[in-house]
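I have a structure here, written as structure tokens, and I will follow up with some questions on it.
The values are calculated or read from the model by the stated rules, or taken from the named source; none is laboratory data. Bear in mind that the values here come from a model prediction, so they are computed numbers and not experimental data. Don't worry about glycine lacking a Cβ; one is built from the backbone with ideal geometry, like all the others, and counts go over all protein chains shown.
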Amino acid sequence: MVATLAAERGDEVEDFLDKASSSIDERTDGRYAEQVGKVREGVSGVVAKLAEYRPASAPVEEIETPPAE
């Protein structure tokens, strides 16, 4: 399920990372730009890696969650 979400929502994650990185850079006057860039690359890499393990079927909308007991 996580792999499916990573594959289908990867663009949204990238958009969030862009906004978060920009916000941090603005608030810190770029003092931590290198560290933020490394974290961003790491998160982006993990999302891409997860997306590779996406099952061939069952898009997110079709996955049913089991009822709570």
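For the range 57-67, does any single residue satisfy the condition of being over 13 Å from the mean Cα position of the chain (by Cα), outside any helix (DSSP H, G or I), of a type in the set (Gly, Ala, Ser) and modelled with pLDDT under 90?
yes
Also, I was wondering about something else. Which residues, taken from the range 19-45, are among the charged types (D, E, K, R), surrounded by 12 or more Cβ atoms within 10 Å (Cβ to Cβ) and under 17 Å from the mean Cα position of the chain (by Cα)? Full working, then the answer.
So in the range 19-45, the residues among the charged types (D, E, K, R) come out as 19, 25-27, 29, 31, 34, 38, 40-41.
After this cut, where a residue has to be surrounded by 12 or more Cβ atoms within 10 Å (Cβ to Cβ) as well, the list is 25, 40.
Selection gives Arg40 alone.
Restricting to the range 4-52, name every residue that is touching a Gly at 6+ places or on another chain (Cβ under 8 Å) and either of a type in the set (S, T, N, Q) or at pLDDT 95 or above (or both).
Selection gives Ser21 alone.
On to the next question. For the range 22-31, check the following and say yes or no: at least one residue is of a type in the set (Ser, Thr, Tyr), out of contact with any strand residue (DSSP E or B) (no Cβ under 7 Å at 6 or more places or on another chain), without any contact (Cβ under 8 Å) to a residue 12 or more places away in the chain and not in a helix (DSSP H, G or I).
yes
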